[in-house]
Amino acid sequence: MKFIGQECCKDPAKARQVVLAYPLHVASVALKTTAKKMKECFRQCFDKSILTEWQQETEMICLSTLWTKSKKIKASPKMILPHRKTQISKLAEDIAHEFSNKNLTLLNEIAKFENVPVHFDNYENAFDGMLLYDTDSSEFHIHVNIDNANKQDSKRGRFTLAHELGHFFLDEHRLGLKYGLLESHASFHNINQKLPIEEEADYFASCLLMPRDKFRNHSSEYKRQSGNRNFSLDTLLNLSESFQTSILSTLIRFGEVGTHEIFAVISKDKIAKWFVKSTDFPNWKFKFKIGDPVPQTTVAGEFYNMENRKFTTVEQLDADDWFNPPADDHRADRQMYEQCFYSDSYGYVVSLLWFA
């Protein structure tokens, strides 16, 4: 059974319940349509040469709901809502369960099973990846740009392909492209995505490549096999190799579902750009602001004064080097560690913080 439309194409009644629950700002963000184009979309849905009667009713419900609700949207939230994350992760991990070899998700097998050709080619700097719908053949195609270091089976290339598969498997994205409600757009690697559809595709890719249970189990197994070695960058490097994902995407996933409390600051040219925090890490006020230089007394601050360095050793520091913990919060009395590394794929310095 194919996974495409597994949430909205089981039966029309269920479809309406599911679609009504969707955060339809996703479609409205890139909505470039007119009443005339929408009318044409509806006409195509009833073209019996394209869809069975059952599919017509289901896709008609999806399209009409997308159109009706998208007109009511005033603003788009920046974060993916929890219930939406649950939907995306379940879909992605169900697919990964069917197409995997140990910890490796078999992306090419997934695309082949869904009859979606994947083209690795030279597109200069036009995009990292793109999902296109060919109206002549009624087929979707994924294009991956090897000029942007997205070589086939490379860690970066795998994430790009998984991202585009996200656009294909998520019903609103696929139907929006198929019927012209969403314009085809260039996808670029960006750790601070702004568009909801890009955030969703990134999250789908993360769940597809690093399913939660496998990810946590491997992390625990690595600790056991290494003689209960304390957490460090080595933990992430081991996960990165096992799942064939970049260190940065592995770090982001670890922050959400990992087995150790962590905090990470991503900076470029000494400027803090972004951060990752696990849910069990203390919610302390920062001694830095996004867009400002990282504190000079931290390992990250010193890292920029080193030449040709990719990693630092694990170094001890106090929590108040990075944060302003309350005086009565004894969690700050624990020993904190910091280790920095340089991400070649993105040109960022990542400062990893954790407690013993």
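Taking Cα pairs under 8 Å and at least six residues apart, what relative contact order does segment 158-289 come out at, in percent?
Values: 118 pairs, mean separation 24.5, N = 132.
19 percent.
What residue among 317, 250, 284 has its Cα farthest toward the positive end of the dipole of segment 240-330, where the charges are +1 on Lys, Arg and -1 on Asp, Glu, each on the Cβ?
250
With a/c under 1.5 counting as rounded, go ahead and sort segment 236-327 into rounded, prolate or oblate using the C-alpha gyration tensor (a ≥ b ≥ c being the square roots of the eigenvalues; past the cut-off, prolate if a/b is larger than b/c, else oblate). Please report the intermediate quantities before stating the final value.
Values: a/c = 1.77, a/b = 1.18, b/c = 1.51.
Since a/c reaches 1.5 but b/c is at least a/b, the shape of segment 236-327 is classed as oblate.
In which sequence would 173, 218, 330 go, from the one with the fewest C-beta neighbours within 10 Å to the one with the most? Show your work: numbers first, answer last.
Details: 173 22, 218 19, 330 9.
In order of increasing Cβ crowding within 10 Å: 330, 218, 173.
Which order, highest average first, do 269-276, 118-125, 243-250 follow once you tally other Cβ atoms within 10 Å for each residue and take the mean per peptide?
Details: 269-276: 15.8, 118-125: 12.6, 243-250: 23.4.
Ranking the peptides 269-276, 118-125, 243-250 by packing returns 243-250, 269-276, 118-125.
Computed from the coordinates by the stated procedures, all read-outs in this text should not be read as laboratory data. Keep in mind that what you see is a predicted model, and the values were worked out from it rather than measured. Positions of Cβ are backbone-derived with ideal geometry, glycine not excepted, and every protein chain shown enters the neighbour counts.
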